Amino acid sequence: MTQLDELEFENVQIDRHGPLAVLTVNRPKALNALNAETLGEISAAVDVIVEDAEVGALIITGGGDRAFVAGADITEFKTLDGVYAGRELSLAGQDVMHRIATLPIPVIAAINGFALGGGLELALACDIRVASTRAKLGLPEVTLGLLPGFGGTQRLSRLIGAGRALDLMLTARQVGAEEALSMGLVNYVADDVLSKSREVAESILKNAPIALSLVKEAVRRGLDTTLDAGLEVEADLFGLLVATKDFGEGVDAFLNKRRADFQGE
Ligand SMILES: C/C=C/C(=O)SCCNC(=O)CCNC(=O)[C@H](O)C(C)(C)COP(=O)(O)OP(=O)(O)OC[C@H]1O[C@@H](n2cnc3c(N)ncnc32)[C@H](O)[C@@H]1OP(=O)(O)O
């Protein structure tokens, strides 16, 4: 099995800091635009991260000091011909975003600059978004005669509501970090986005890992169904957690006024 530390890619860099992995999309000359190679590398990296029991949280960020990710690589659009090729590109991008969204560990987008088009869609696939004060976020696909095809039409509407999402998608305007915060598009704004993301990750990592994973699952599955069905999912997952050793540890730690030592069991 490939180890995380052994991975070597052209456009993606993985760093490990104990239980925290940092995935950097690293094509600064193209503002980290997602060409096919980079999408494939992100996907491969995520596959290895999911297998690595030592990794408890992931931060995704962009290389260089200007961009998180400035979208899908527009230079590759020139070779797109026809409905079928367009649909395949969209499905391929959606698949990568889905892999990130369904990772069993918390994922934080450290948005260190432009997060446009597929770049914002990448951030939307993460659980928590931290934006730099210099960040610019938007879905400008209609300026190219496209729509956000890496999950943006669906995830943005679910996150901030259809009205706000349609405003961003139809005007193609870019919003700064403070406006993004006010509309719930990002969770935090910080000067040092990586350090803030690490701080958020560390506070998450104090908690029980299986509980974190099932919180994600409950929210994700609930968004795709009715309230009644979502409440069923919640009760099922709650039941599973009550059967974990970590639940016993958490309750015992509370009652004995000590810090819990969760093992992910
Ligand atoms: C399903 C998903 C669809 C999509 O994601 S569609 C794409 C959505 N994204 C966009 O439309 C954004 C495209 N980029 C821009 O509008 C601009 O860039 C910025 C506003 C982000 C920054 O502008 P400035 O400061 O003037 O920089 P610069 O000279 O345009 O960019 C530096 C280099 O980066 C390349 N680049 C930027 N974004 C992309 C991209 N999305 N695809 C391919 N290349 C990109 C440029 O071309 C250029 O390169 P060079 O130095 O060789 O001229």
* Asked: Out of (1) free of Cβ contacts under 8 Å to residues at least 40 places away in the same chain; (2) more than 25 Å from Ile111 (Cβ to Cβ), what's the single condition that is false for Phe262?
  -> (1)
* Is it true that some residue in the range 110-129 is over 21 Å from Ala30 (Cβ atoms) and open to solvent by 20 Å² or more (accessible area, probe 1.4 Å)? -> yes
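Hand me the list of strands (runs of 3 or more DSSP E) wholly inside the range 1-84 holding 2 or more residues that are more than 16 Å from the ligand (Cβ to nearest atom) and buried (at least 17 other Cβ atoms within 10 Å of the Cβ). Give the steps one after another, and end with the answer.
Values: elements: 12-17, 20-25, 57-62, 67-69.
Ranges flagged: 12-17, 20-25, 57-62.
State yes or no: is Phe150 in a helix (DSSP H, G or I) and among the aromatic types (Phe, Trp, Tyr)?
On the way: in a helix (DSSP H, G or I): no; among the aromatic types (Phe, Trp, Tyr): yes.
Spelling it out, it is not the case that Phe150 is in a helix (DSSP H, G or I) and among the aromatic types (Phe, Trp, Tyr).
A quick yes/no check of all residues on (1) out of contact with any His (no Cβ under 7 Å at 6 or more places or on another chain); (2) assigned by the TED database to the domain that holds Val130; (3) crowded, with 16+ Cβ neighbours inside 10 Å:
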| position | (1), (2), (3) |
| --- | --- |
| Ala165 | yes, yes, yes |
| Arg173 | yes, yes, no |
| Ser182 | yes, yes, no |
| Leu214 | yes, no, yes |
| Arg220 | yes, no, no |
| Ala229 | yes, no, no |
| Leu240 | yes, no, no |
| Glu249 | yes, no, yes |
| Phe262 | yes, no, yes |
* How do the pairs read when you match residues in the range 117-145 that are more than 24 Å from Val46 (Cβ to Cβ) with residues anywhere that are at pLDDT below 95 and within 14 Å of the ligand (Cβ to nearest atom), using Cβ under 7 Å and keeping only pairs 6 or more apart or on different chains? -> none
* Structure fact -> Taking the range 131-149 and keeping residues open to solvent by 80 Å² or more (accessible area, probe 1.4 Å), within 18 Å of Ala109 (Cα to Cα) and within 11 Å of the ligand (Cβ to nearest atom) leaves Lys136
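The values are calculated or read from the model by the stated rules, or taken from the named source; none is laboratory data. Note that this is a predicted model, so its numbers are computed, not measured. Cβ atoms come from the backbone with ideal geometry, glycine included; neighbour counts cover every protein chain shown. What goes into the accessible areas is simple: the full protein's heavy atoms, side chains included, and nothing from ligands, DNA or RNA. Shrake-Rupley method; radii C 1.70, N 1.55, O 1.52, S 1.80 Å.
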